Each structure stands twice: as C-alpha cells, then as structure tokens.
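One structure is given below, encoded as structure tokens.
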Amino acid sequence: MKKSDIYTARSNSLRGARVLVTGASMGIGEQMAYHYARFGARIIITARKESLLQQVADRCLSLGAQEALYIPADMAQHSDPAKVVRFAVDNLGGLDYLVLNHIGSSPFAMWDGDVEHTRWLLQVNFLSYLQMTTAALPVLKQSGGTIVIVSSMLGKMCTPFVAPYTATKFAVNGFFGTIYHELAMQRTNVSLTICTLGLINTESAMEKVRNYTNMTAYPASEAALQIIKAGTTRQRDMFYPWYTFYTTLFRDWFPYYRDLIIQRSFLYEP
Ligand code: NDP
C-alpha cells in the first residue's frame, strides 16, 4: 500500500464510515473489506458462503474495523438484494458507501447458446445492482453517500470467450452511466463511481484465463485500494491498471488492428 494512498483515503474520513461491500468473501471484495477495516470503517459484508464471510469479518475486526458484520445472501434470489441493504441500514443506522462488486460464476468459453445461464447472470451481475441501489438511495441521499460500481474493461470492449459476462458489464455501465447524469441533474448529493478494471489476479479470474492468455494480471489488493480511493474522493470514473484508460480512449480509432490484436492475444485452436 503506497503512503500517498493511505493518506488520501484517511484524510477523507473513512474512520467510522458506514460501508456495505458485496462479493466480499473472496477476491477484490475481500481485499476492499480489509482496506476499509484498516481505515477504521464500520463494515457490512455479503456473499453466499457464510463460513468465508465469518473469517473475513473476524480479520476485519483484527485489522481495525470499528464494526464488521456479515449477511449471507444469494443475489440470484429476487428478495435478497433489498434484504441485504435493510440489514446494513438497520445495523449501521444508515449508509455512506454502497460498494457493488459481486459477480456470479460464468464459463470462460465460446458462446454455447445457454440463454438461461445469461438470464441468471443478468440477475446476479446487473439486476441485483439495480435492486440494491434502489433500496439504498433514500439513505444515501440522507448521508450524501457514494455508490461504487466495480465494472470491467469488458463493459466497454468486446473480447472472445466471455459473451454472457460482457453483456452484464455493458448493461451495468449503460445503466449506471445514465443514473450518474440523473443524480447530477436532480442535484442530489449522492456520488457515483464506476470502476473499470483490467485483469486482476484473483483466484477465480486466474483459474479461468490460465490456459488462454499470458496477459499480466495486476494485484487484487492494489485494485481494491484504488477503488476505495476513487469512491472516497468521489471520482466519476476509475481505471486500474493504467492501460485500461488508454485502451478505452483509443479503442475505436483503429478497429481493424484492435480486433486483430484482441484475437491474437488469446491461445485457441478450433
Ligand atoms: P471473485 O469471483 O473472486 O468473487 C466474486 C464474489 O461474488 C465472491 O465473494 C462470491 O462469493 C460472490 N458471489 C458469487 N456469486 C454470488 C451470488 N449469486 N450472490 C452473491 N454473491 C455472489 O470476483 P473478483 O474479485 O475477481 O471480481 C470482483 C469484481 O471485479 C467483479 O465485479 C468483476 O467483474 C470485477 N473485475 C474483475 C476482474 C478480474 O480480473 N478479477 C477484471 C475486471 C473486473 P460466494 O461464492 O461466497 O457467493
């Protein structure tokens, strides 16, 4: 963790901040929970696996969280997203940060025509984000809070093997890009941060891409810290690592070469 990052986040008063992090039993969400804990926040974490959540919550307390509670929930279940927000608001007495990070598991493979899987993934990766945002907005308006959306380069650019996942991330970017404007035009004091991540070395991501690409994967702990920093400083957009910004900027300039590079950067024999 860089000293300047610690200073920036601390100086923006995360101590005692009321934070809800989804998908926090592992990966980037788990790392975000630990960073918020080090900054002395009051944290609620959620995911499906209760035993992992308990371990993460215990570690958050040992790292300095003022409070660390967990609630198991399955975002594929229609009533769970709002239930989680209610749990957080009831236990924290409000909310300052809603960090939407969870994703359902999806194969890294050629599109196989499984529409039902895509429908399920849209509920987990996209519709549950809308449900949680809707449930949390009244309290976020009271606190002048922040919604942090963890998205991906694959919400801005198409690459092979991830059609259902990409569809959900484009949906997330489109929806929350619109909500960003509407919150600003309504002059609410709620800020929205959309995070564009490249390949991050979480266990689940590495397991999927291992046999397909040699792309560098960047550390989950640093990705988590950059997300927190962007939310705390109320940035509209966050890009990590550095190349995601330039790729997004230049992606439509030379489409022929872009597509050639994308297709050649994956190992595949038909
Ligand atoms: P992981 O797969 O490591 O973690 C996903 C989290 O979501 C886990 O805590 C998991 O816990 C939870 N989850 C899975 N299914 C459900 C469900 N049905 N209901 C509730 N929670 C669920 O993901 P990453 O840390 O790799 O990714 C985090 C975010 O970063 C995602 O939004 C992803 O799109 C984004 N991102 C990641 C990249 C990467 O390379 N890693 C690249 C670009 C973006 P449990 O199984 O206990 O439910």
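The values are calculated or read from the model by the stated rules, or taken from the named source; none is laboratory data. Please read these numbers as outputs of a predicted model, since none were measured by experiment. Note that we place each Cβ from the backbone using ideal geometry, even for glycine, and neighbour counts take in every protein chain shown. Heads up: the accessible areas ignore ligands, DNA and RNA and are worked out on the full protein's heavy atoms, side chains in. Shrake-Rupley method; radii C 1.70, N 1.55, O 1.52, S 1.80 Å.
Taking interchain pairs and intrachain pairs at least six residues apart, which have beta carbon atoms under 8 angstrom, with the first residue in the range 142-166 and modelled with pLDDT under 95 and the second open to solvent by less than 20 Å² (accessible area, probe 1.4 Å) and more than 11 Å from the ligand (Cβ to nearest atom)?
none
With the requirement that a residue be over 30 Å from Gly145 (Cβ atoms), among the hydrophobic types (A, V, I, L, M, F, W, C) and open to solvent by 100 Å² or more (accessible area, probe 1.4 Å), what does the range 233-266 give you? Step through it out loud before you land on a result.
First pass over the range 233-266, keeping only residues over 30 Å from Gly145 (Cβ atoms): 243, 246-247, 250-266.
From what is left, the residues that are among the hydrophobic types (A, V, I, L, M, F, W, C) are 250, 253-254, 260-262, 266.
Selection gives Trp253, Phe254, Ile261.
With respect to the numbered conditions (1) in a loop (DSSP other than H, G, I, E, B); (2) in contact (Cβ under 8 Å) with a residue 24 or more places away in the chain; (3) not aliphatic (A, V, I, L, M), which one is the sole condition not fulfilled by Gly113?
The number of the failed condition is (2).
Please enumerate the residues belonging to the range 126-149 that are β-branched (Val, Ile, Thr), open to solvent by 10 Å² or more (accessible area, probe 1.4 Å) and over 16 Å from Ile44 (Cα atoms).
Thr134, the sole residue that qualifies.
When you look at Ala88, is it more than 10 Å from the ligand (Cβ to nearest atom), buried (at least 22 other Cβ atoms within 10 Å of the Cβ), assigned to a helix (DSSP H, G or I) and under 19 Å from the mean Cα position of the chain (by Cα), yes or no? Give the derivation first.
Values: more than 10 Å from the ligand (Cβ to nearest atom): yes; buried (at least 22 other Cβ atoms within 10 Å of the Cβ): yes; assigned to a helix (DSSP H, G or I): yes; under 19 Å from the mean Cα position of the chain (by Cα): yes.
Taking the combined requirement at face value, the residue satisfies it.
Sort out which residues of the range 16-44 are part of a strand (DSSP E or B) and open to solvent by 10 Å² or more (accessible area, probe 1.4 Å), and write them in order of number.
Step one: of the range 16-44, the residues part of a strand (DSSP E or B) are 18-22, 42-44.
If the condition is that a residue be part of a strand (DSSP E or B) and open to solvent by 10 Å² or more (accessible area, probe 1.4 Å), then Arg18, Arg42 are the ones that fit.
Does the range 46-53 include one or more residues that are basic (Lys, Arg), part of a strand (DSSP E or B) and open to solvent by 30 Å² or more (accessible area, probe 1.4 Å)?
Restricting attention to the range 46-53, the residues satisfying the condition of being basic (Lys, Arg) are 48-49.
Those left that are additionally part of a strand (DSSP E or B): none.
Checked the range 46-53: no residue is basic (Lys, Arg), part of a strand (DSSP E or B) and open to solvent by 30 Å² or more (accessible area, probe 1.4 Å).
Do the conditions hold for Ala65, that is, is it within 16 Å of the ligand (Cβ to nearest atom) and surrounded by 16 or more Cβ atoms within 10 Å (Cβ to Cβ)?
Details: within 16 Å of the ligand (Cβ to nearest atom): no; surrounded by 16 or more Cβ atoms within 10 Å (Cβ to Cβ): yes.
So Ala65 fails the test.
So which residues in the range 156-181 are within 8 Å of the ligand (Cβ to nearest atom) and within 28 Å of Leu14 (Cβ to Cβ)?
Across the range 156-181, the qualifying residue is only Lys169.
Starting from residues that are under 20 Å from Gly27 (Cα atoms) and hydroxyl-bearing (Ser, Thr, Tyr), keep the ones in the range 218-232 and report whichever is surrounded by the fewest Cβ atoms within 10 Å (Cβ to Cβ).
Per the stated criteria, the residue is Ser221.
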